[in-house]
Amino acid sequence: MSLRVLLVEDDRELRDTLRGALVVEGYEVLTAASLSEGLAITIHARRASAAAEDLGVDLVLLDLGLPDGDGETLLAALRRRHPIPVLVISARQAEGRKIRLLDAGADDYLVKPFAIGELLARMRVALRHRGTTVNPAHTQYRRDAVLVDLAAQRVLRGGVPVHLTPTEFNLLARLVRSAGQVVTHRQLLADVWGADFVEHTHYLRLYMGQLRAKLEADPAEPVLLLTEPGVGYRLAEPDE
Amino acid sequence: MSLAALESRDTRPLAQAWPGIVAWVAGWIALFAADGRIDLANQAMLLVLACAVASPWLPEWASLATNAAAVLAFNWAFVPPRGTFTIDLREHALLLAAMLVVNAIVTALMSALRRQAALARRHAGYAEQLRAWGDTLRDTSDARAQVGALHEALRELGGGSAAVLALEDAMPADNDERAVLTVGDVHGDRGAALWHCLRQGQPIGPGTGRYEDLEDLYLPLRGRGACLGAAVIPEASGLRATDLRAHAQALCDALGLALQRAAARRDEQRSREQAQAQGVRNALLAAISHDYRTPLATIMGAASSLDEQAERLSVEQRRRLAHTIVEETALLGRMTDNTLQLARLDAPGVSLTCDWESAEEIVGTALRHARRPDDTARRVKARLEPDLPLLWCDALLVGQLLDNLVDNALKYSPPQSPIEIDVRRKDACVVLAVRDQGPGVAPAWRERVFEVFQRGAEPMSDAVAAPALASARPGAGVGLAVCRAIARAHGGELRLLPRPHGGCSFEFELPLRPVPAASAEAPGAS
C-alpha cells in the first residue's frame, strides 16, 4: 500500500505542482486548501481496515500562510491522536511561527522556494522517524568516518575512540535520535540541560563548537553537525 | 510697572488725596489771615485758587463736594451779613454763583485730563506688552511654551482664572483633548465654551453680542482664515472692558498667527519628506523591476522552450533548460529576500532577533551556501582567528550579509581566483571580511556601491576602472545596500577597502558584548 500524504497548501499552482511531483514518487496525495479542510480530511480519511488510532494519513505537509489561521491548531489536533510526522512549509518572513511549530513538535521545515529533491529528502527522514517518541529509530549512527553507538555510549572517529564529556555526549545523542531532522535550540537546551535553561543559547554554541572540534574534519566547514541559523541544529543524515 | 498698577490710576483712593486736603486747609488759613485787609472779591479769588490747586489730587466726586461745601462756608463766614447764609447784596450772589461755576469747571477739566492721561498710560502699557509678546513668540518656537506665555500674559491682564487651549495639529472631529495643548483650567463648561469659540472662530461672552450671559470672556486665537485655539479671561467691568478685550484679542491673534506659521512649516516639512520618500520608493521599485527582468526573461525563455518545443529537444537540452530555470529561480529568490530585508530594515523601529551566535557557525553556513556542485576549485575559503568570542547578533541577517558579499565576490572576480572569508578580533569589535582578487572598485565608487540604485551605469572619472565596473556590477545595488543596512542595524558598519594587490575587501565591524559566564556541565550530565 502506498504512503498517504496530506498536503495543506492554499496556493493552487504550488499545490498542483507538489501533488504531481509526489504522485510520481509513488505517494498517494490528499490535498486541502485551508486548515479547516485539512482537519476535516484527517477526521474522514480513516482507512476501512485500519486500527482506531490510525489517522489514515502517514505524513502532513503544512503550509504556514493559510487563510484561516495558524497551523498550531491543526498540529495539536493531529498530535492528540497520533504521532504523525508534520513538515512545516514556511515563507522566509514567518520565522517566529515556524520555530513555534517546531518547538510544539513539528518534525522539520522547508523554506519557500524549495526544490523537490529537498522536500523528498525531508519526507523520507520524517517517515523513517515515525513513532520514535516511543521507540528510538536510531541507536547507532554512522556517517563518513564517525560512528556513534548510543547503547554502548561509544563514539569512534576513524576507528579511534573519541572522548566526550557527559554533556557533549548527551547533546550528540539527542541529535542522533533525530538524525537528519532539525532540532530547535529550545528542544536541545530543554532535553540536555533542563527546562530552566531554554534561554541559554550560549551553552549550546560552546558545546557544539567542542563537538565539532572533536568530530569534524574541518570544524569551520562542518558536514555532520549542521547549523540551521536562527532555528537550531541538524545532524546530517546517516549513511545508508 | 505692571499693567494692573496702570489700570488703577484713574480710581485713586482717598488716602492719596492729602496734598488736596493740604491745599484746602492752606486756602482757608489764608482767607482768615487776609480777612479785613482785602475786599471780598479778592478773598473769593483765594478760594478759587485753592480749588484749582486741590482738584488734581482729589477724586472727581470729592472735589465737587468740597467745592460746594467751600462756597457755602465762604458765604457763612465772609459774605455780609456774616454768620448767616443770607445774602443781602446782589453782587455777592453773583460772586458766589461765579465761584461755584468756575470751581466746577476747573474740577471737570482736571478729571478729564486725568482720564486721558490714564488712557494714554494704559495704551502705552498695552503697546509695550504687545511688543514684548511679539518678541516672545519670535524667540520660542515650542508651541507649548508659547501657549504657556499667553496664559501668563492673560493672567497679568485679567486675573488668575485665565486659560488657553490651542490645536496641536488639524481640527479633530470631536472635542478630543488629545488634539490640543491646554494651560489653566479648561474643564466642564469652560472647556465646552472654549471648544465652541475655537470652532466658531469668534469671541463669545459678555460684551461680544454672543452668549452675553456667560461669566467669562472667550477669545479665539485667530490665524489667517482659520482659528487655531481659544482663550478665556474673566470679564472686565466698566470703561476698560472694550479696550481690554481688543488688547487681549490682539495678544491671542498674535499667537494664532504664530501657531499657523508653525503649522505651515510642519506641513511643508511633511510634504517634502513625503515627496522624498516617494522618490526613493519609485527609484527602488524601478531598480528592482529592472533587476528582476533579466532572470525573468531567462526563465521565460527556458520554460516556453520546454513548453512549446519539448518533443524536438534532446533529453540533454531539456535537462539543461530545466536546470537554468532552477538556477534563475534561486537567484530571484535571493533578490526577493534582499529586497524584503531592505524594506524591513528601512522601516522605523525595526527589531532584530539577536542571540549569542558563534562566528564559526555563521561562516560555516555561508560556506555551505557558497559551495555549488560545480565549484570544484573550492574558491571560497574561511580563516577564523582561534578563540573568538560569541557574537550577539541576528544569525539569519549576518548570514544573509555574508551570503551577499560572497555572491558579489564570486560574480565580480575572475573565475578560479580565491575568495576569502576572514574573521578576527579588532579592539572591541569582531571584523568579518570577505576578500576577492577582482578588478576592485574605483575610489569614487567605494561609498556609492552601497547605495541602492548605484550600479556603475553612470560615466566615471576613473577611466581605467570604469569599463570593468560598469559592466561588472549589475544587480549589486540591492545586495550591498541590504548588507550595509544589516551592519548598521547591529550597531556596526560595513566598509569597502581596497587590497594592496588588487581586489576588494568588504569588512563588517560588529561591536562585541560581554558574553555571559561560560557554562559548567549540564546538571545531571554525569
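The values are calculated or read from the model by the stated rules, or taken from the named source; none is laboratory data. Predicted, not measured: the structure shown is a model, and the values here were computed from it. Here the Cβ is made from the backbone with ideal geometry for all residues, glycine too, and neighbour counts use every protein chain on show. The area values use the complete protein model at the heavy-atom level, side chains included, leaving out ligands, DNA and RNA. Shrake-Rupley method; radii C 1.70, N 1.55, O 1.52, S 1.80 Å.
Residue-level check: of (1) assigned to a helix (DSSP H, G or I); (2) over 26 Å from B:Met171 (Cα atoms), B:Asp213 misses just (1).
The residues in segment B:346-384 that are more than 8 Å from chain A (Cβ to nearest Cβ), aliphatic (A, V, I, L, M), in contact with an Asp or Glu (Cβ under 9 Å, 6 or more places away or on another chain) and open to solvent by 40 Å² or more (accessible area, probe 1.4 Å) can be counted, and the count is 1. Residues of segment B:423-449 that are out of contact with any helix residue (DSSP H, G or I) (no Cβ under 8 Å at 6 or more places or on another chain) and open to solvent by 10 Å² or more (accessible area, probe 1.4 Å): B:Arg424, B:Arg425, B:Lys426, B:Asp427, B:Ala428, B:Cys429, B:Gln437, B:Pro443, B:Ala444, B:Arg446, B:Glu447, B:Arg448. If you check B:Arg131, B:Arg121, B:Arg144, B:Arg138, which single one turns out to be surrounded by fewer than 18 Cβ atoms within 10 Å (Cβ to Cβ), over 27 Å from the mean Cα position of the chain (by Cα), modelled with pLDDT of 85 or more and among the basic types (Lys, Arg)? Within the list B:Arg131, B:Arg121, B:Arg144, B:Arg138, the selection yields B:Arg121. For segment B:59-72, the condition holds for no residue, the condition being that it is out of contact with any Lys or Arg (no Cβ under 8 Å at 6 or more places or on another chain), over 30 Å from B:Gly160 (Cβ atoms), among the acidic types (Asp, Glu) and at pLDDT 85 or above.
Let's see how each residue does on (1) under 27 Å from B:Pro19 (Cα atoms); (2) of a type in the set (Gly, Ala, Ser):
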position: B:Ala34; (1), (2): yes, yes
position: B:Gln43; (1), (2): yes, no
position: B:Ala62; (1), (2): yes, yes
position: B:Thr66; (1), (2): yes, no
position: B:Thr86; (1), (2): no, no
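Of B:Asp403, B:Asp387, B:Asp394, all but one fail to be open to solvent by 50 Å² or more (accessible area, probe 1.4 Å) and within 14 Å of chain A (Cβ to nearest Cβ); the exception is B:Asp387. The single residue among A:Pro238, A:Pro222 that is more than 21 Å from B:Cys354 (Cβ to Cβ), assigned to a loop (DSSP other than H, G, I, E, B), within 11 Å of chain B (Cβ to nearest Cβ) and of a type outside the set (Phe, Trp, Tyr) turns out to be A:Pro222. On the stretch given as segment B:185-217, residues that are basic (Lys, Arg) and over 21 Å from B:Leu251 (Cα atoms) total 0.
Results for (1) open to solvent by 70 Å² or more (accessible area, probe 1.4 Å); (2) farther than 30 Å from B:Ala117 by Cβ; (3) among the aromatic types (Phe, Trp, Tyr); (4) at pLDDT 85 or above, shown as yes or no for each residue.
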| position | (1), (2), (3), (4) |
| --- | --- |
| B:Ala4 | no, no, no, no |
| B:Arg9 | yes, no, no, no |
| B:Pro13 | no, no, no, no |
| B:Ala17 | no, no, no, no |
| B:Leu46 | no, no, no, yes |
| B:Pro56 | no, no, no, no |
| B:Arg82 | yes, yes, no, no |
